[in-house]
1. Tell me, please, whether a residue that is aliphatic (A, V, I, L, M) and part of a loop (DSSP other than H, G, I, E, B) can be found in segment 2-25.
2. Which residue is nearest to the chain's Cα centre (by Cα), if the candidates are limited to segment 34-48 and must be open to solvent by 100 Å² or more (accessible area, probe 1.4 Å) and farther than 15 Å from residue 104 by Cβ?
3. Only one of (1) assigned to a strand (DSSP E or B); (2) free of Cβ contacts under 8 Å to residues at least 24 places away in the same chain is not met by residue 94, so which one is it?
4. Which residue pairs have Cβ atoms closer than 9 Å, lie 6 or more positions apart in sequence or on different chains, and pair a first residue in segment 135-150 that is open to solvent by less than 100 Å² (accessible area, probe 1.4 Å) with a second residue that is modelled with pLDDT of 85 or more and among the hydroxyl-bearing types (Ser, Thr, Tyr)?
5. Within segment 101-142, count every residue that is at pLDDT 65 or above and more than 19 Å from residue 64 (Cβ to Cβ).
6. For segment 72-81, enumerate the residues that are open to solvent by 50 Å² or more (accessible area, probe 1.4 Å) and assigned to a strand (DSSP E or B).
Amino acid sequence: MRSQGSLARAVLVFLKTNPFRNDLPQYSPSLMVELPRPTDDSREILHAASEALQRIYRKGYQYQKGGVMLIDLIDADRQQLSLLDTAQTDADRQRSQKLMEVMDELNQRMGRDTVKLGMPSPGAAWHLRCANRTARWTTRWDELPILHTG
């Protein structure tokens with residue numbers, strides 16, 4: 001999002017149980033959280049998503065899927081600032097922008113996911129199982145099939 005120069009105004013979090021398992025309780029909530037101001041700061045987005053998840057999560061359900069979507073994207077160059085902004089909020093915005101630039105630069109220079117926020121240790125028992133995932137040819141160059149002619 002930052003590389004394309006966009007800001008998000010809201011975050012949508014959703015959970016979903018398996019609709020094909022009628023023998024299990026069904027629950028498919030979603031919640032949209034408006035951000036205080038349009039942002040591309042991963043920390044603010046993560047905080048809003050975590051807040052939404054805490055509000056919709058219920059014990060006793062076997063969730064099949066969950067996700068986070070950024071809603072109402074706008075061009076960072078055309079954002080409308082608040083009349084209530086002060087020099088302090090402008091300083092905070094600049095500090096946040098600098099931090100995100102440093103994170104992006106480190107990840108670009110040293111490899112994807114070198115710096116990440118709020119991630120569990122590798123090998124956790126509940127990690128995503130990708131054994132049955134379909135190929136991601138449309139989004140990953142390294143997964144494109146290679147054709148050899150001979």
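1. So the first thing to find is which residues in segment 2-25 are aliphatic (A, V, I, L, M), and the list is 7-8, 10-13, 15, 24.
After this cut, where a residue has to be part of a loop (DSSP other than H, G, I, E, B) as well, the list is 24.
Yes, segment 2-25 has at least one match.
2. Filtering segment 34-48 for residues open to solvent by 100 Å² or more (accessible area, probe 1.4 Å) gives 34, 36, 43, 47.
Applying the additional criterion that residues be farther than 15 Å from residue 104 by Cβ yields 34, 36, 47.
Numbers: 34: 15, 36: 17, 47: 11 Å.
This residue is 47.
3. If we test residue 94 against (1) assigned to a strand (DSSP E or B); (2) free of Cβ contacts under 8 Å to residues at least 24 places away in the same chain, just (1) comes out false.
4. Between residues of segment 135-150 that are open to solvent by less than 100 Å² (accessible area, probe 1.4 Å) and residues that are modelled with pLDDT of 85 or more and among the hydroxyl-bearing types (Ser, Thr, Tyr), there is no close pair.
5. 26
6. Let us first name the residues in segment 72-81 that are open to solvent by 50 Å² or more (accessible area, probe 1.4 Å), namely 72-73, 75, 77-81.
Correct list: 72, 73, 75.
The values are calculated or read from the model by the stated rules, or taken from the named source; none is laboratory data. Keep in mind the model is a prediction, meaning the values are calculated, not measured. Ideal geometry is used to build each Cβ from the backbone, glycine not excepted, and the neighbour counts take in all protein chains shown. When the accessible area is computed, the model is the full protein with side chains, heavy atoms only, and any ligands, DNA or RNA have been set aside. Shrake-Rupley method; radii C 1.70, N 1.55, O 1.52, S 1.80 Å.
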